[in-house]
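*Asks:* First, the structure itself, so that you have it in front of you.
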Amino acid sequence: SVRRLNSSNVGGDGNRRLCHETTCVVLGALVENSLEGQGVMRSPKIIPRAMQTTQLQQAYYEDLPHVRPQGQDTQAFQGKEQLSGATKLVGAIEAKVDQYISDVVSIIPPVIFQNRASLTSCDGYIPGLAASLQEYFVKQIQGKCTDTYRCSQDAGFACTNHSQMLPPHEKHFGHAAMEQKIDGEPFYHEFLDVFTVTTIFRGERMLTTRDWLDLQTNEVRVINVFMSPEWRSGSVLMIKWTHAGPGKLLGTSGTTSFVSMSSENRATWSVVNIMVTALTAFDVTTILMTIGWRWVQRRQVIKDMPDMKPHQLENVKEAFHLFEAVDIFDVAFRLMSFVFSRNHEETYPEPTTVTVNGRDVLLEHNQESIKHILDVPWTDPALTMESKVSTFMSHVLEYEQQMSSEEKHRQLGFVLALVYFCRVVIYMRVHPRVAILYSTMLEMFMDFVHFMVLFLILYTVLAFLATWQFGDQRADFQDTQTSLYTQFRMIWGEVGLSTGGVHFNPTLGMYYLAYFLMVFCLLLNFFLAIVIDSYSNVKEKIKECTVENSFFWDVGAALMYPIVARLRGWPQRWTLVRTLMSLDLDGDKKNDEEQEEAVALTASALAMSKLGVDKDTASSMLRHYHWVCPSLMIEWKDSGPELEHQRILNQWTVIDGIREKLSGETSVMDAIEDAAEGAEAAAEASAREGESPDPLQDSAARVVVVDAGMDNPSVT
């Protein structure tokens, strides 16, 4: 036994001592200043064996309610002396702190949250069995409690309503839910290291930590916050489990991070953001100007033809649409981009200036939340531990929600960039060579829609069959939604067939065979056939279009024309097109562009038109178009792709033709044709005069024709 502590046990250093015979124990000061330093000495218990940690906890918490709180003098504490804490530590040991070995550090102890479902009667779920189950469990309890125990008549059986959460004031493990809600639901908080021990003391009760999770647990979230000072980055790690049905939990995990930009990167991003805003305003202005230009052109066309009938006027308006669907989409999309750009500035504001150790430093927006977490006043004795923990949890949730908000902002940017990607495909329709993807998609659209109707019906039926037959046996077919996802994975090759040694299921084999034949062998090949057929049609149309050149050549020519036109006095392209459309070059009172035969356009015709150019200017303009687009010339012929020997032969043929023209010689084939025509003309003349044709001339013609196949035919 240890004799009762009295004033004679106070040493000269101010520390209290517990002494027994010649042995004394010095009571040192508390490390945590906010904890109460008062207590009472009670009779020690001697246990002649080693005790487990849980037994020590149990013994401590059993005596804790007998400690008199400070400032109270109740009957229960009369005669018991209070213990005041020592003023300083005794026998401090010098320790060495090693360098931290990682660049990434956890700045908080991991925390865990849960929201809890409410209990309800089972009548709403199994009305026919609820009463029988309740009576069954009551009888089980009565049979065990008849003689030995006094038990309540409650069987402890109830159902859980996971669609309705507990009210926030309901306590769990000694405290109510947090004031700050997560996704609109009340959550209970705890430090994760609580689960390193088996029991804790809460609300004057000993609690088992494994009971923190029970039947009413609906969702659990574990959060940890990391920091990498070198990279100025912070990360939030979240692991989440959600109740997904009886005996089933759905687990997900993810990490959200940020990196504070340097001053150089911030300046670059500011310039880019200003450019995006300026280009957005420019695009909207250009679209509106294009709509106004269409209106002016339509008014000009109507003015040039005042005698139009009402139906003709409607045709003109149909031909000159002021608004197109893509214009409305572009304007709305540019406005969304503008809003996103402004929201981007609000999400990532400029750093603020704070004073640290007497000097001003910059603090990034994301770093403010981390600073709040690090600055929780744990050593402030004026605050209770409960308030400190609540403040700490609130700052952690604020930081996690801030990171979630930034992640949503990035997701919105991803969607906008994806829409821009689709818009780029539509932009490529300006030239046949690069419009092949867009044109193929338009060509196959209706066939693809009807194919998807067929595909989705058969695909869903197969998923339903898999759920119906194998839902109770295989997790990947547990419901229709999961079966649809499993079949999608099977398209990518993740079939998941059983390996050897497993009992073969013939029904499952029939399903896999039906899916393979219908989806892989037929439907997917149908889709490929639609794409290939549409692509072939588009390629054929491009081949029929002879006025286009390569994409780069045509873009260069289009950009060059306004400059050359201004230097040489050529009309604008729109004026040139309108004038050419109004001309009747062959004078047959029909539209030249609707005739199958080509109509020649000469410099004289251009000079006499309403363009207001002279013949020399018109000639220079025609030479320009002859250079830019040779297929506009009447004598142009599309030779198509050439083999190598054909290309070389054509080169020598051109050279031979030039040589013959320069030397004045008549080519062999021309001589043969002239001789044949002369023989025919002489024969006709002799026939008209009643004379028989000269056999020499006739034979000469035959000889010329026969000798035409020789290497050196004679034409004399």
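The values are calculated or read from the model by the stated rules, or taken from the named source; none is laboratory data. Just so you know, these numbers come straight off a predicted model, no measurement behind them. Because the Cβ atoms are built from the backbone with ideal geometry, glycine has one as well, and the counts that use them run over all protein chains shown. Just the protein is used for accessible areas: all its heavy atoms, side chains included, with ligands, DNA and RNA removed. Shrake-Rupley method; radii C 1.70, N 1.55, O 1.52, S 1.80 Å.
*Asks:* Given labels modelled 7 Å from the Cα in the Cβ direction, how far is it in nm from Q300 to Q646?
*Replies:* Simple spin-label model gives 4.4 nm for this pair.
*Asks:* Got a number for carbon plus sulfur as a percent of segment 117-249's accessible area, 1.4 Å probe? Write out the running numbers ahead of the final one.
*Replies:* Working: 4560 of 8370 Å².
After summing per-atom areas, the C and S share lands at 54 percent.
*Asks:* Something else now. Filter K240/K371; K539/K590; K317/K590 down to the pairs with a C-alpha to C-alpha distance above 30 Å, please. Don't skip to the end; give the middle numbers.
*Replies:* Details: K240/K371 25 Å; K539/K590 32 Å; K317/K590 23 Å.
In this structure, K539/K590 lie more than 30 Å apart at Cα.
*Asks:* Another question, then. Using only the Cα atoms of segment 383-451, each taken as one equal point scatterer with no solvent, compute I(q) by the Debye sum, divide by I(0), and report log10 of the ratio at q = 0.20 Å⁻¹.
*Replies:* Rounded to two decimals, the profile gives -0.88.
*Asks:* A further question on this structure: When the Debye formula is applied to the Cα atoms of segment 542-597, each taken as the same point scatterer, what base-10 log of I(q)/I(0) results at q = 0.14, 0.19, 0.30 Å⁻¹?
*Replies:* -0.60, -0.92, -1.08
*Asks:* In addition: Against the 2.2 N^0.38 Å scaling, with N counting residues, where does segment 446-498 land? I'd like the Cα-based Rg ratio to two decimal places.
*Replies:* Numbers: Rg = 12.2 Å, N = 53, 2.2 N^0.38 = 9.9 Å.
Normalised by 2.2 N^0.38 Å, the Cα Rg of segment 446-498 equals 1.22.
*Asks:* Pull out a ≥ b ≥ c, the square roots of the eigenvalues of the alpha-carbon gyration tensor of segment 115-213, then state rounded if a/c is under 1.5, prolate if not and a/b is larger than b/c, and oblate in the remaining case.
*Replies:* Values: a/c = 2.96, a/b = 1.38, b/c = 2.14.
It comes out oblate by the Cα gyration axes.
*Asks:* Keeping every protein chain present and rolling a 1.4 Å probe, give me the accessible area per residue for segment 328-438 in Å². Write out the running numbers ahead of the final one.
*Replies:* Working: 6620 Å² over 111 residues.
Using a 1.4 Å probe on heavy atoms only, each residue of segment 328-438 averages 60 Å².
*Asks:* Cα-based Rg of segment 468-602 per 2.2 N^0.38 Å, rounded to two decimals?
*Replies:* That works out to 2.17 for segment 468-602.
*Asks:* Compare Y136, Y438 by solvent-accessible area with a 1.4 Å probe and give them largest first, with all protein chains kept in place. Could the numbers behind the result be given before it?
*Replies:* On the way: Y136 125, Y438 50 Å².
So the residues, ranked largest to smallest area, are Y136, Y438.
*Asks:* Okay, moving on. Using bins 5 angstrom wide from zero, how does P(r) for segment 307-433 break down, in % of all Cα pairs?
*Replies:* The calculated distribution, bin by bin, is 2, 8, 10, 11, 11, 10, 9, 7, 6, 6, 5, 4, 3, 3, 2, 2, 1, 1, 0, 0.
*Asks:* Calculate, for segment 450-607, the solvent-accessible area per residue in square angstrom, rolling a 1.4 angstrom probe over the heavy atoms of the protein chains.
*Replies:* On the way: 10800 Å² over 158 residues.
Averaged over the residues of segment 450-607, the accessible area is 68 Å².
*Asks:* State whether segment 550-648 is rounded, prolate or oblate according to the following rule on the C-alpha gyration tensor (a ≥ b ≥ c being the square roots of its eigenvalues): a/c under 1.5 gives rounded; otherwise a/b larger than b/c gives prolate, and the remaining case gives oblate.
*Replies:* Values: a/c = 2.19, a/b = 1.30, b/c = 1.69.
It is oblate, given that a/c is not under 1.5 and a/b is not larger than b/c.
*Asks:* Among I141, I223, what's the order by accessible area (1.4 angstrom probe), most exposed first? Please list the in-between numbers first.
*Replies:* Working: I141 45, I223 0 Å².
Ranked from most to least accessible, the order is I141, I223.
*Asks:* If every alpha-carbon in segment 430-543 counts as one equal scatterer, what log10 I(q)/I(0) does Debye give at q = 0.11, 0.17 1/Å?
*Replies:* Calculated log10 I(q)/I(0) at the listed q: -0.49, -0.84.
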